[in-house]
Each structure stands twice: as structure tokens, then as C-alpha cells.
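Report on one structure; see the data block that follows.
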Amino acid sequence: PRKILKANIISYNSAMSACEKGQQWPSALALLKGLKQNSLQPSSISCNAAIAACGKGQQWQRSVSLLHEMKRQKITPTVVSYNSTISALQGFHQDGLWQLALGLHGEMQNQSLSPDTISFNATITATGAASQWQQCLGLLEHMEAHGPKPDVVAVNAAMDACKHSYNADIWPWALQIFSGLCVHGELRPDAVSFNTAASACERGSDWEGALRFLFEARSRGMTTPISYKTVVAACERASRWQQALALLTAMQDAGHEVEFTAYRAVLLALCVGERFSEALALFRE
């Protein structure tokens, strides 16, 4: 009987993990409920799968509730439990969520759990979504001083927080973080790093800086459609119609699909520069 019980728990956990991967959070919760109805004690693995499934289904309230329910039922949360719950808070801009993410991060340490790279990345991303750049830099500095060592995901998230700061003068911090990324040598910038740096330049009306980041990314084979659209927007903002038009052509030559936003930015730049014939020709394409 003991082996059957173990097999049943494993079966439930496996099914819930499949629900997580398939983003089927209602099914994961139904399985968790069914496990209890069959007089089986949920394990931390069971709860973690349900928390993660709800998070991937953008049901952050349910993820938080499940974490609290674990503690109420005397099921000890693990680092994975906290990581999945904090990750569920990413991408939302509701008031108080970044404080909740920081609170869960601190609670993990109070429970004698050691936050790992995923913990820090999730917390930095969640706080960065609320433009809390100071908190992001503090977490990044903590990683550098005490570990775990930051990876490119953490660095990119901190850069993004500076770029999106409500204070328009903070965008250069994103470039400083990028410079530190390049200097340390242990980490290498990826396409997201270059795009975020270029976007920060666009925020600061530094079209030449944005162009430099695009050229550097292109030399490393790291350009994406976002790379070009970001720099086109920077040129449009600075009324540099020649560069914007050239970038549109370069984007097409690179095999990237040109979306409406890129065309719109170039058209605006041409109109501001009173290049109406070129704007009309582009509009007719």
C-alpha cells in the first residue's frame, strides 16, 4: 500500500507539472484538489507545480494564495516555491506588487533559505516593471557583493528599470550598467542588452548613441527587428529623417519584417523634415 500511495503522489505531481508546462492552471488546481480528496498529502513539489502553473497563466493572486496555503498546512516552502510566486508577479504594473516581490524575497531569507539567481532575477524584473530602479540596483549590488553572481538576465532587467524610470534623467544609468557588463568580462551582452541600451538612448534623445549600439549589435550578429525599430524611433524623435530612412532600408536588407510602427516613425521624420515627396513615395509602397 505504501508503494501505491507513493506512485499516486508521483502521478499527481507529474500531471500537475504537465499542466504547468501547458499553462493549464485550472487543471493544475483541480489536480491539487483531487489529491486532497483522495486523502493524499500534497508535497512541496505538488504545491510548487500549482503555483508555477497559476503564474504562467497570469493568475498571480492564486500563486500568492497557494504559497500562504502551504504555510498554513505546515508544508515547508522551498526556494522554488518563492521563485515561482515572485515570478508570477512579473509583467504586472499594479500598485504594491513590487513591494510584495521584495517582501517575499526577504521572507525567503528569514526562512533560512538562500535566494538563488532565479530569485534575484525574478525580484529585479518584478520591481523593474514598476520603475523602481533604486531597488533593482540595490539587488544587483547585493549579488555582486555577496552572491549569487549576477547573470545577463539580472543586468538586463536592471537596465530596463533605469530606462523606464519616471525620472527622465535616470536613463544614463542603463548605459553605465551596460558598460560594467562589458568590462567585467565574465558576462557578455546579448541582443536584449543592446536593445535596452539603444532604447535608453532613445529615451534620452541620443540618436547617435542608439545608432552606435545598433552597429555594435550588428557586428556581433545580434540584431532583431526591435533593434532597428528602437533606433528608427530615436532618429524620428531627433528629426533625423536621412538616418531613419536608411535604417528602414537596412532593416529590409537584413531580412527583418518591417512593421507599421517603423514605417510610421520614418514617415513622421520625413514630414518633420518637410520631405513630403519621399514620405508620399514611402506611403505608396
Reach of residue 33 by Cα under 16 Å, taken over aspartates and glutamates that are not fewer than 8 positions away in the same chain = 20, 69
Distance cut-off 15 Å, percentage of C-alpha pairs in region 117-207 lying past it = 52 percent
Calculate what fraction, in whole %, of the accessible area of the chain sits on carbon and sulfur atoms when a 1.4 Å probe is rolled over the protein chains.
-> 53 percent
Cα-derived Rg to Rh of region 96-157, Kirkwood definition = 0.93
At 1.4 Å probe size, with every protein chain present, just tell me what the per residue accessible area of region 123-205 comes to in Å².
-> 44 Å²
Unsatisfied cross-links (Cα-Cα over 23 Å) in the set 74/149; 163/229; 56/149 | 74/149; 56/149
Mind checking the dipole of the chain: about its Cα centre, +1 per Lys or Arg Cβ, -1 per Asp or Glu Cβ, Debye to the nearest 20?
-> 1420 debye
For region 1-126, just the Cα atoms, rotate onto the principal axes and tell me the three extents in Å, largest first.
-> 47, 30, 23
What value, in deg cm²/dmol to 500, does the helix sum -39500 (n - 2.57) over DSSP H runs of n ≥ 4 give at 222 nm once divided by the residues of the chain?
-> -23500 deg cm²/dmol
Find the accessible area per residue for region 1-89; the probe is 1.4 Å, ligands and nucleic acids are left out, and the unit is Å².
-> 53 Å²
Evaluate the Debye formula for region 160-285 with equal point scatterers sitting on the alpha carbons, no solvent, and hand back log10 of I(q)/I(0) at q = 0.17 Å⁻¹, in q order, two decimals.
-> -0.83
Hey, of (i) 0.94; (ii) 1.24; (iii) 1.53, which did the structure itself give for Cα Rg over 2.2 N^0.38 Å when calculated?
-> (ii)
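The values are calculated or read from the model by the stated rules, or taken from the named source; none is laboratory data. Remember, predicted model here, so these are calculated numbers, not experimental data. For neighbour counting, all protein chains shown are included, and Cβ atoms are generated from backbone atoms with ideal geometry for every residue, glycine included. The area values use the complete protein model at the heavy-atom level, side chains included, leaving out ligands, DNA and RNA. Shrake-Rupley method; radii C 1.70, N 1.55, O 1.52, S 1.80 Å.
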